[in-house]
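Comments concern the structure below.
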């Protein structure tokens, strides 16, 4: 079946460090891929998305490229801030697009220290 | 613009008690979802409703029932709560068939079953 695998956390970085959070997926068909972010005490919100192979999603300095050959969608940011501390979820959509129900990874907690 | 509103935000139950989590969205979305979030498990889909008048099981439906009361409201009921249902519950909505396939989440309801 369809699934998403994320790297274990927490990821601990100093401010201005480079961030990579790995995400790989297994899916039949051609899903869309998403990164969601959850700040403390809040619900999830969409960070970025990519709908087809080689698409790059970007937002707030974060980016991720849909790599079909490696079935990956790694999240990167060149210089993290303390305000980026949150839990990040990789997700894929129903390839059949009958609904928008998403399959989520387990989440990766990012902690950024000054 | 309220988005997705969940009530209650916190609830403590004893084993065997029943309760209903309420969810309402004001974005005129046709699809709604209930997820539960557990440590190390990410988000798992309990039930979803692709359109008003329809509901379908997700990955972990046992012990839950849902009602799509109208286009705006989607409730989740625990008939006889068990400690294994201690979790954070998130309601979400989307405009299925829309361009983004993005889910909009509520702030969550933290349920503890003793």
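Numbers at a glance
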{"read-out": "Matching residues in region B:1-19 - criterion: being in a loop (DSSP other than H, G, I, E, B), more than 19 Å from residue B:103 (Cβ to Cβ) and more than 14 Å from the chain's Cα centre (by Cα)", "value": "B:14, B:15, B:16, B:17, B:18"}
{"read-out": "The lone exception for residue B:11 - which of (1) farther than 22 Å from residue A:87 by Cα; (2) buried (at least 17 other Cβ atoms within 10 Å of the Cβ); (3) within 14 Å of chain A (Cβ to nearest Cβ) it fails", "value": "(3)"}
{"read-out": "Strands (runs of 3 or more DSSP E) contained in region B:20-94 and holding at least 3 residues within 14 Å of chain A (Cβ to nearest Cβ) and modelled with pLDDT of 90 or more", "value": "B:31-38, B:42-49, B:87-94"}
{"read-out": "Residue in region A:100-111 that is modelled with pLDDT of 95 or more and farther than 26 Å from residue B:6 by Cβ present", "value": "yes"}
{"read-out": "Residue identified as over 14 Å from the mean Cα position of the chain (by Cα) and in contact (Cβ under 8 Å) with a residue 12 or more places away in the chain among A:106, A:70, A:65, A:51", "value": "A:70"}
{"read-out": "Selected residue (only one of A:25, A:39 is under 21 Å from residue B:4 (Cα atoms), touching a strand residue (DSSP E or B) at 6+ places or on another chain (Cβ under 8 Å) and either surrounded by fewer than 17 Cβ atoms within 10 Å (Cβ to Cβ) or within 14 Å of chain B (Cβ to nearest Cβ) (or both))", "value": "A:39"}
{"read-out": "Count of region A:67-87 residues which are more than 14 Å from residue A:23 (Cα to Cα) and not in a loop (DSSP other than H, G, I, E, B)", "value": "5"}
{"read-out": "Filter pass, residue A:112 being in a strand (DSSP E or B), away from chain B (no Cβ under 14 Å) and in contact (Cβ under 8 Å) with a residue 24 or more places away in the chain", "value": "yes"}
{"read-out": "Flag if residue A:64 is assigned to a strand (DSSP E or B), facing another protein chain (nearest Cβ under 9 Å) and surrounded by 14 or more Cβ atoms within 10 Å (Cβ to Cβ)", "value": "no"}
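The values are calculated or read from the model by the stated rules, or taken from the named source; none is laboratory data. Since the model is a prediction, treat every value here as computed from it, not as a measurement. In this analysis, Cβ positions are derived from the backbone assuming ideal geometry, glycine residues included, and neighbour counts consider all displayed protein chains.
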